[in-house]
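Enquirer: First the structure, then my questions, so here it is.
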Amino acid sequence: MIAKISQANKIYESPAGIITALDKSDVELHEGELLLIIGPSGSGKTTLLSLLGCLINPSEGSLEIDGQNTKLLSAKEMATIRLNTIGFVFQQFNLLAPLNSEENVAFPLKMQELDKALIKAKTEDALKRVNMWEHRKKLPKQLSGGQQQRIAIARALVTDPKIILCDEPTASLDKDSLEVVMKELKELAVSGKAVAVVTHDPRLTIYADRAIEVKNGKVFSLENIH
């Protein structure tokens with residue numbers, strides 16, 4: 001188990017009153033598995049993913065990442081976890097437009113201030129893992145949606161994180177690109193990564209080892225997903 005949410009919730013105060021984005025929940029994420037987090041828009045699934053990604057703190061309860069209770073960590077230590085332990089893949093790819101594929105993938109390694117030769121080697125390895133090495137000099141606008149998402153996956157895995165969190169990674173893709181991207185994510189899980197994918201698309205269950213559903217801020221375990 002690499003991540004554990006224990007009786008954690010997320011509550012916001014607004015002029016209209018208290019808003020519960022996520023009810024008290026228990027969720028575990030294990031290395032070597034692809035966890036699907038299913039639910040409609042506004043259900044709380046992105047809030048759950050944000051908790052797992054150390055982007056927000058729980059209002060109550062606890063979150064452990066790689067054996068560390070996040071309540072005991074400083075903002076700097078949380079940022080270090082996000083940089084070194086967690087890789088993020090988003091629906092809109094979030095690639096930097098002026099940078100080519102190779103430069104986009106290398107960006108997190110430069111933030112880690114690694115040696116140039118090591119950055120080059122790790123970047124090449126990550127691009128080859130998603131079969132995008134031949135496109136390394138192309139700008140994002142020169143790539144299809146599926147190719148951009150594979151570059152985004154390479155960027156997420158280049159730091160060798162234990163956890164890869166994906167927020168609707170296939171929502172903008174056609175059927176063929178969807179299959180390619182999900183197979184890449186599944187292979188990462190098989191290689192030992194803990195992969196969590198947020199989606200509203202039940203077709204993705206065929207790629208999951210386990211699935212949970214978020215409805216109105218409540219988390220339910222889904223059985224017999226295949």
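Enquirer: Take A154 and decide whether it is in contact with a His (Cβ under 9 Å, 6 or more places away or on another chain) and either modelled with pLDDT of 95 or more or small (G, A, S) (or both).
Expert: Spelling it out, it is not the case that A154 is in contact with a His (Cβ under 9 Å, 6 or more places away or on another chain) and either modelled with pLDDT of 95 or more or small (G, A, S) (or both).
Enquirer: State all residues of the range 161-213 that are touching a His at 6+ places or on another chain (Cβ under 7 Å) and surrounded by 17 or more Cβ atoms within 10 Å (Cβ to Cβ); if no residue qualifies, say none.
Expert: A194
Enquirer: Separate question: Given L52, L63, which one is among the aliphatic types (A, V, I, L, M) and either touching a Ser or Thr at 6+ places or on another chain (Cβ under 6 Å) or at pLDDT below 90 (or both)?
Expert: L63
Enquirer: Output the qualifying pairs, or none if there are none: Cβ atoms under 7 angstrom, residues six or more apart or on different chains, first residue in the range 100-119 and touching a residue at least 24 places away in the same chain (Cβ under 8 Å) and charged (D, E, K, R), second residue outside any helix (DSSP H, G or I) and exposed (fewer than 14 other Cβ atoms within 10 Å of the Cβ).
Expert: From the range 100-119, the pairs are E102/K137.
Enquirer: Sticking with this structure for a sec: Hey, any hits in the range 127-140 for a residue that's under 15 Å from D201 (Cβ atoms) and crowded, with 16+ Cβ neighbours inside 10 Å?
Expert: Among the residues of the range 127-140, not one is under 15 Å from D201 (Cβ atoms) and crowded, with 16+ Cβ neighbours inside 10 Å, which makes the answer no.
Enquirer: If you don't mind, there's one more thing I want to ask. Looking only at the range 54-84, count how many residues are closer than 14 Å to K4 by Cβ and touching a residue at least 60 places away in the same chain (Cβ under 8 Å).
Expert: 4
The values are calculated or read from the model by the stated rules, or taken from the named source; none is laboratory data. All values derive from a computational prediction rather than experimental measurement. Methodologically, a virtual Cβ is constructed for each residue, glycine included, from the backbone with ideal geometry; neighbour enumeration extends over all protein chains shown.
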